[in-house]
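**Q** Structure below; questions to follow.
The values are calculated or read from the model by the stated rules, or taken from the named source; none is laboratory data. As the structure is a computational prediction, the values presented were derived from the model and not from experiment. Here the Cβ positions follow ideal geometry from the backbone for every residue, glycine too, while neighbour counts run over all protein chains shown.
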2 protein chains.
Amino acid sequence: MALLGIDLGGTKLATALFADDGRILLKETVALENRKGEEVGSLITEKITNIISSANNDERRIASVGISVPGISHMSGGTVWAPNIPGWEDYPLLSEVKSVCGSIPVTIDSDRACYILGELWQGNARGCRDAIYLSVGTGIGAGIVINGEILRGSHDIAGCIGWMAMQRPFDGKYADCGCFEYYDSGEGSSKLAKAFLSEDSEYDGELRHINPESVRSSEVFSAYDKGDPLAARVIGLCVEYWGMAVANLVSLFNPEKIILGGGVFGPGLKLIPAIMKEAARWAQPVSINQVSLEASGLEGDAGVYGAGFLALKNLRDL
Amino acid sequence: MALLGIDLGGTKLATALFADDGRILLKETVALENRKGEEVGSLITEKITNIISSANNDERRIASVGISVPGISHMSGGTVWAPNIPGWEDYPLLSEVKSVCGSIPVTIDSDRACYILGELWQGNARGCRDAIYLSVGTGIGAGIVINGEILRGSHDIAGCIGWMAMQRPFDGKYADCGCFEYYDSGEGSSKLAKAFLSEDSEYDGELRHINPESVRSSEVFSAYDKGDPLAARVIGLCVEYWGMAVANLVSLFNPEKIILGGGVFGPGLKLIPAIMKEAARWAQPVSINQVSLEASGLEGDAGVYGAGFLALKNLRDL
């Protein structure tokens with residue numbers, strides 16, 4: 001018996017076949033290559049059809065399918081909203097996938113939900129009942145597990161932590177993405193660097209020689225590593241906001257673990273002790289001593305592992 | 001069959017006997033009169049013993065007991081931490097109550113959990129599966145229900161929203177109570193009034209004639225109602241923070257309802273439209289349109305109703 005996990009991203013599709021103990025039997029990734037709308041749906045159903053038909057022994061017979069999508073999975077209607085895939089405002093993914101799966105059960109959930117499920121199953125949150133994945137990349141989101149179950153909310157859009165209000169008064173620049181995401185996503189650190197560059201005419205470090213319109217968070221981290229003072233200001237402010245966000249998750253949810261992951265947290269992982277120190281100033285003082293803050297154990301594979309665990313949860317009451 | 005709900009506060013003990021449809025059959029309140037430690041435990045067990053023994057017909061036979069405590073109910077050990085009751089750092093309330101209840105089941109939970117359970121059962125959150133009670137009084141806390149169940153966290157201290165970080169940089173004055181509680185509890189509005197009085201030497205409104213060391217939130221609200229400009233500054237800032245807190249609950253939990261209650265929200269209820277307007281600037285824009293912000297339907301009785309519902313939930317899978 002095998003589990004099929006599918007992780008749809010904004011630019012690629014990863015599929016993996018898992019044994020029920022989490023071993024990967026097969027894994028592959030294909031680029032979306034500007035596919036949109038039904039083309040993306042067809043790519044997914046073709047993949048599933050091929051994998052099901054090539055299951056040539058009992059170990060590889062697909063017992064359940066889980067799918068991670070970069071957006072919202074509407075549980076009641078089985079449709080998906082995925083802002084980075086053109087034509088997926090309300091895409092009927094569940095019915096399409098079911099049409100090729102026959103009697104094999106299918107579950108679809110958001111990428112942030114799958115990240116924490118992946119970490120629970122095979123990553124750094126194994127054994128936890130209450131854990132949170134804080135994903136910081138192009139955007140910011142949180143996958144939240146409470147007593148073993150994903151927090152969905154009344155309409156499947158819980159965990160939108162990028163919208164967290166952390167600095168009054170309200171500023172119109174927060175309106176498109178939320179206050180926390182404005183400052184602390186990959187784009188956020190780029191925007192901060194750009195703003196500090198325009199303020200600080202005396203600065204002549206290495207970020208001065210990058211076009212301020214296109215400075216990337218990885219360049220800010222690289223300059224920070226070399227002791228650049230402007231990069232240190234940017235990263236210092238990011239650490240403050242990350243610490244406040246971690247504190248707020250701790251005070252509200254009293255979790256066992258918070259896992260940090262996403263594109264920005266590749267270079268940012270060395271900041272975990274500083275983020276924890278900042279969080280400890282703000283958080284409920286008993287609760288902060290009951291949590292551990294850790295890096296993702298699965299990195300870019302968290303989504304596909306989570307999709308595999310979705311498939312397994314659908315078979316068993318985990 | 002009847003349900004016994006017990007609401008222990010910092011200064012009084014309320015008991016109510018409920019029919020399983022929520023009708024109150026009997027209700028009384030006694031002052032704690034400086035009782036402490038085991039004296040408070042004895043008061044509770046005496047009340048329960050009397051009510052059980054006077055259950056002289058089938059309608060009043062106690063089938064289940066629920067208790068609301070002003071602090072933390074540790075589910076694993078059955079002990080209670082209640083900061084306002086001397087000697088209740090780790091009080092063995094469950095075993096004491098069980099010793100007089102025989103085979104009648106007993107459940108203990110925190111006051112903030114009971115407030116939202118009361119509203120779910122008989123108040124303004126009836127029919128909701130995802131709802132939050134934001135309690136603003138001497139302190140600030142949140143009772144959070146997710147898919148019908150109380151959010152407890154890994155060690156029973158979830159919902160400590162008074163510690164929410166909302167204004168960087170960190171200031172040592174937040175260390176004892178949390179940033180949100182510093183500004184927005186009953187004490188918070190008093191502290192703000194005091195601070196604004198000392199800054200604004202030209203102000204000669206009615207709050208000037210109150211001893212700034214002892215100005216109360218009710219006096220600030222009263223002056224606000226009369227158009228006092230200093231009170232308007234205090235309340236304006238409070239509304240900003242309340243709006244940000246509501247926004248953060250909406251973005252993280254995607255609830256159907258947020259109920260505002262607690263001592264400060266008696267006079268503060270007229271501010272609900274202003275709080276909602278502020279929240280809408282900050283929150284995830286889809287989620288904010290899926291929530292309604294309402295006053296408590298039970299006011300001071302939310303805790304005892306919640307204790308009654310705890311008792312009922314213990315009998316049935318609600």
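**Q** Tell me, please, whether a residue that is under 21 Å from B:K226 (Cβ atoms), without any contact (Cβ under 8 Å) to a residue 40 or more places away in the chain and acidic (D, E) can be found in the range B:173-184. So that I can check it myself, show each step before the final result.
**A** To start, the set of residues in the range B:173-184 that are under 21 Å from B:K226 (Cβ atoms) comprises none.
No, every residue in the range B:173-184 fails to be under 21 Å from B:K226 (Cβ atoms), without any contact (Cβ under 8 Å) to a residue 40 or more places away in the chain and acidic (D, E).
**Q** Mind checking whether some residue in the range B:201-210 is in contact with a helix residue (DSSP H, G or I) (Cβ under 6 Å, 6 or more places away or on another chain) and under 30 Å from A:R129 (Cβ atoms)?
**A** no
**Q** Continuing with the same structure: Filter the range A:182-211 down to the residues that are acidic (D, E) and within 14 Å of another protein chain (Cβ to nearest Cβ) and list them by number. Please lay out each step first, then the result.
**A** We begin by selecting, within the range A:182-211, every residue acidic (D, E); these are A:184, A:187, A:199-200, A:202, A:204, A:206.
Result: A:D184, single match.
**Q** Check B:R216, B:R233 and return the single one that is surrounded by fewer than 24 Cβ atoms within 10 Å (Cβ to Cβ), of a type outside the set (S, T, Y), within 21 Å of B:G141 (Cβ to Cβ) and over 19 Å from the mean Cα position of the chain (by Cα). Write out each step before concluding.
**A** On the way: B:R233 fails: within 21 Å of B:G141 (Cβ to Cβ).
One residue alone meets the criteria, B:R216.
**Q** On to the next question. Determine which member of the set A:I108, A:I85, A:I104 is away from chain B (no Cβ under 14 Å), surrounded by fewer than 20 Cβ atoms within 10 Å (Cβ to Cβ) and not charged (D, E, K, R). Please lay out each step first, then the result.
**A** Values: A:I108 fails: surrounded by fewer than 20 Cβ atoms within 10 Å (Cβ to Cβ); A:I85 fails: surrounded by fewer than 20 Cβ atoms within 10 Å (Cβ to Cβ).
Matching residue, one of A:I108, A:I85, A:I104: A:I104.
**Q** Follow-up question, since we're still on this one. Is there a residue being in a helix (DSSP H, G or I) and charged (D, E, K, R) anywhere in the range A:150-170? So that I can check it myself, show each step before the final result.
**A** Pass one, the range A:150-170, residues in a helix (DSSP H, G or I): A:161-163.
So of that shortlist, the ones also charged (D, E, K, R) come out as none.
No, the conditions are met nowhere in the range A:150-170.
**Q** With respect to B:K270, determine if the residue is basic (K, R) and within 11 Å of another protein chain (Cβ to nearest Cβ). Break it down stepwise before answering.
**A** Details: basic (K, R): yes; within 11 Å of another protein chain (Cβ to nearest Cβ): no.
The answer is no for B:K270.
**Q** Please go through (1) acidic (D, E); (2) under 30 Å from B:M1 (Cβ atoms); (3) part of a helix (DSSP H, G or I); (4) more than 16 Å from the chain's Cα centre (by Cα) for B:D301 and return the number of the only condition it doesn't satisfy.
**A** (4)
**Q** Sticking with this structure for a sec: Quick one: A:Y115 ticks every box in (1) free of Cβ contacts under 8 Å to residues at least 60 places away in the same chain; (2) away from every other protein chain (no Cβ under 14 Å) except a single one, so which number is it?
**A** Condition not satisfied by A:Y115: (1).
**Q** Are any residues in the range A:121-139 within 13 Å of the chain's Cα centre (by Cα) and either modelled with pLDDT under 95 or away from every other protein chain (no Cβ under 12 Å) (or both), and if so, which ones? Step through it out loud before you land on a result.
**A** We begin by selecting, within the range A:121-139, every residue within 13 Å of the chain's Cα centre (by Cα); these are A:132-139.
A:Y133, A:S135, A:V136, A:G137, A:T138, A:G139, listed by residue number.
**Q** Whether any residue in the range B:285-292 is within 14 Å of chain A (Cβ to nearest Cβ), surrounded by fewer than 20 Cβ atoms within 10 Å (Cβ to Cβ) and assigned to a strand (DSSP E or B) is what I want to check. Give the derivation first.
**A** Of the range B:285-292, the ones within 14 Å of chain A (Cβ to nearest Cβ) are B:285-292.
Of the ones still in play, those that are also surrounded by fewer than 20 Cβ atoms within 10 Å (Cβ to Cβ) are B:285-286, B:289-290, B:292.
Still in the list and also assigned to a strand (DSSP E or B): B:292.
Yes.
**Q** Let me ask something else. For B:V220, state whether it is hydrophobic (A, V, I, L, M, F, W, C) and within 14 Å of chain A (Cβ to nearest Cβ).
**A** Numbers: hydrophobic (A, V, I, L, M, F, W, C): yes; within 14 Å of chain A (Cβ to nearest Cβ): no.
It is false that B:V220 is hydrophobic (A, V, I, L, M, F, W, C) and within 14 Å of chain A (Cβ to nearest Cβ).
**Q** Okay, next question. Can you name the residue in the range A:169-181 that is more than 8 Å from chain B (Cβ to nearest Cβ) and more than 17 Å from the chain's Cα centre (by Cα) and, of all such residues, is surrounded by the fewest Cβ atoms within 10 Å (Cβ to Cβ)?
**A** Quick first cut of the range A:169-181, residues more than 8 Å from chain B (Cβ to nearest Cβ) only: A:171-173, A:176-177, A:180-181.
With the extra rule that they be more than 17 Å from the chain's Cα centre (by Cα), the set shrinks to A:171-173, A:176.
Values: A:D171: 11, A:G172: 7, A:K173: 11, A:D176: 9.
Top of the filtered list is A:G172.
**Q** Out of curiosity, is B:Y224 crowded, with 19+ Cβ neighbours inside 10 Å and either among the aromatic types (F, W, Y) or touching a strand residue (DSSP E or B) at 6+ places or on another chain (Cβ under 9 Å) (or both)?
**A** Details: crowded, with 19+ Cβ neighbours inside 10 Å: yes; either among the aromatic types (F, W, Y) or touching a strand residue (DSSP E or B) at 6+ places or on another chain (Cβ under 9 Å) (or both): yes.
In short, yes.
Here's the yes/no breakdown for (1) basic (K, R); (2) surrounded by 18 or more Cβ atoms within 10 Å (Cβ to Cβ); (3) modelled with pLDDT of 95 or more; (4) more than 18 Å from A:N314 (Cβ to Cβ):
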| residue | (1), (2), (3), (4) |
| --- | --- |
| A:N34 | no, no, no, yes |
| A:G41 | no, yes, yes, yes |
| A:I44 | no, yes, yes, no |
| A:T49 | no, no, yes, yes |
| A:I52 | no, no, no, no |
| A:D58 | no, no, no, yes |
| A:S68 | no, yes, yes, no |
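**Q** Would you pick out the residues in the range B:304-318 that are under 15 Å from B:M1 (Cβ atoms) and small (G, A, S)?
**A** Result: B:G308, B:A311.
**Q** Moving on. Name every residue in the range B:140-168 that is at the interface with chain A (Cβ under 7 Å from one of its Cβ atoms) and either of a type outside the set (A, V, I, L, M, F, W, C) or touching a residue at least 40 places away in the same chain (Cβ under 8 Å) (or both), in order of residue number.
**A** Residues of the range B:140-168 that are at the interface with chain A (Cβ under 7 Å from one of its Cβ atoms), as a first pass: B:146, B:151, B:153-155, B:157-161, B:163-168.
If the condition is that a residue be at the interface with chain A (Cβ under 7 Å from one of its Cβ atoms) and either of a type outside the set (A, V, I, L, M, F, W, C) or touching a residue at least 40 places away in the same chain (Cβ under 8 Å) (or both), then B:I146, B:G153, B:S154, B:H155, B:I157, B:G159, B:I161, B:M164, B:M166, B:Q167, B:R168 are the ones that fit.
**Q** Return yes when A:G243 is surrounded by 15 or more Cβ atoms within 10 Å (Cβ to Cβ), within 27 Å of B:C160 (Cα to Cα) and out of contact with any Ser or Thr (no Cβ under 6 Å at 6 or more places or on another chain) and no when it is not. Quick ask: steps written out before the conclusion?
**A** Numbers: surrounded by 15 or more Cβ atoms within 10 Å (Cβ to Cβ): yes; within 27 Å of B:C160 (Cα to Cα): yes; out of contact with any Ser or Thr (no Cβ under 6 Å at 6 or more places or on another chain): yes.
In short, yes.
**Q** Same structure again: One residue is enough: does the range A:24-31 have a residue meeting the conditions in the same structural domain as A:G308 (by TED's automatic domain parsing), free of Cβ contacts under 8 Å to residues at least 24 places away in the same chain and in contact with a Leu (Cβ under 6 Å, 6 or more places away or on another chain)? If you could, list the steps in order and put the result at the bottom.
**A** Our first condition is that a residue be in the same structural domain as A:G308 (by TED's automatic domain parsing); within the range A:24-31, this holds for A:24-31.
Applying the additional criterion that residues be free of Cβ contacts under 8 Å to residues at least 24 places away in the same chain yields A:24, A:28-31.
Of the ones still in play, those that are also in contact with a Leu (Cβ under 6 Å, 6 or more places away or on another chain) are A:30.
So far as the range A:24-31 goes, yes, one or more of its residues are in the same structural domain as A:G308 (by TED's automatic domain parsing), free of Cβ contacts under 8 Å to residues at least 24 places away in the same chain and in contact with a Leu (Cβ under 6 Å, 6 or more places away or on another chain).
**Q** Could you count how many residues in the range B:266-318 are out of contact with any strand residue (DSSP E or B) (no Cβ under 7 Å at 6 or more places or on another chain), β-branched (V, I, T) and free of Cβ contacts under 8 Å to residues at least 40 places away in the same chain?
**A** 1
**Q** A further question follows. Inspect all residues belonging to the range A:243-260 and state whether any of them is at positive phi and at pLDDT 95 or above.
**A** Applying the first criterion (at positive phi) to the range A:243-260 yields A:254.
Filter again for at pLDDT 95 or above, leaving A:254.
Looking through the range A:243-260, at least one residue is at positive phi and at pLDDT 95 or above.
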